[in-house]
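Report on the structure given below.
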Amino acid sequence: MKKVRISEWEELEPLCPAYALVANVDLVVIRWQHEERASVLYGRCLHRGALMSDGSIEGKDLICGVHQWDYGYKTGVSSYNPEEKLHRFQSWIEDGALWVDANLCGALGLSVRHVAELDGAISKALAHNGPSLVEIHSDVELI
């Protein structure tokens with residue numbers, strides 16, 4: 001386990017999405033109201049990749065600030081479409097801070113520069129157990 005302190009507990013405002021970066025993965029952190037708990041979710045909207053920490057909480061949902069996609073802030077599961085889910089990472093409070101295991105955040109990052117690399121990169125991303133990002137460099141051959 002590789003413990004990473006992502007925030008001092010008292011610095012997190014209840015129901016106010018906060019940004020964290022662990023193992024090169026964008027995260028959104030939401031401190032629950034009236035409970036000593038928090039959710040640490042994958043921090044990018046599944047729709048267009050916007051930072052979810054720029055969103056807001058409405059009722060039980062974390063709302064993307066760009067196109068209003070919704071995800072339950074406690075579970076990461078969309079209320080509108082339960083098949084859409086932001087990964088929830090295990091977190092805990094210790095020594096006045098919120099922590100995660102960086103090894104569990106392990107994202108796979110791939111960069112594609114040539115059309116011949118695209119299928120292999122997508123296959124690797126889909127096979128990876130955790131968040132994946134396939135960056136496609138602008139090249140007219142790939143369009």
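Using 0.36 nm per residue, how much length does the chain from T75 to L15 gain when fully extended, once their Cα-Cα distance is taken away?
Details: separation 60, 0.36 × 60 = 21.60 nm, distance 1.39 nm.
Result: 20.2 nm gained on full extension.
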Interchain or sequence-distant (5+) residues whose placed amide H lies within less than 5 Å of the amide H of A38 are W32
Of all C-alpha pairs within the chain, those more than 20 angstrom apart amount in percent to 50 percent
Computed ³J(HN,Hα) along the range 43-53: with the Karplus parameters 6.51/-1.76/1.60, θ = phi - 60°, integer Hz and x for glycine or proline, the list is x, 10, 4, 6, 6, 9, x, 5, 5, 6, 5
As straight-line cross-link partners of K74, the qualifying lysines (C-alpha separation under 20 Å, not fewer than 8 residues apart within one chain) are K60, K85
Placing each pseudo-label 7 Å from Cα in the direction of the beta carbon, V66 and K85 end up separated by a distance in nanometres of 2.3 nm
Label model pair S132, I93: point-to-point distance (7 angstrom along the Cα→beta-carbon line) in nm is 3.7 nm
Partner aspartates and glutamates whose C-alpha sits under 12 Å from that of K2, ignoring same-chain residues fewer than 8 away, are D101
The helix 115-127 Cα axis meets the longest alpha-carbon principal axis of the chain at an angle in degrees, between 0 and 90 and rounded to 10, of 30 degrees
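Antiparallel versus total DSSP beta bridges in the range 1-135: what percent is that, nearest 5? All intermediate terms of the calculation are to be shown ahead of the outcome.
On the way: 29 of 34 bridges.
Given both bridge residues lie in the range 1-135, the antiparallel proportion sits at roughly 85 percent.
Please give the length that would be gained between S111 and S123 if that part of the chain were fully extended, namely 0.36 nm times their separation in residues minus their C-alpha to C-alpha distance (nm, one decimal). Before the final figure, lay out each step's value.
Working: separation 12, 0.36 × 12 = 4.32 nm, distance 1.30 nm.
3.0 nm is the gain from fully extending S111 to S123.
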Restricting to Cα pairs under 8 Å and 6 or more apart, the percent relative contact order of the range 1-137 works out to 23 percent
Amide H proximity to H87 below 5 Å, modelled H, separation 5+ or other chain, gives Y42
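We did not get these values from a lab; they are worked out from the coordinates using the rules stated. Remember, predicted model here, so these are calculated numbers, not experimental data. Cβ sites come from the backbone with ideal geometry, for glycine too, and all protein chains shown count toward neighbours.
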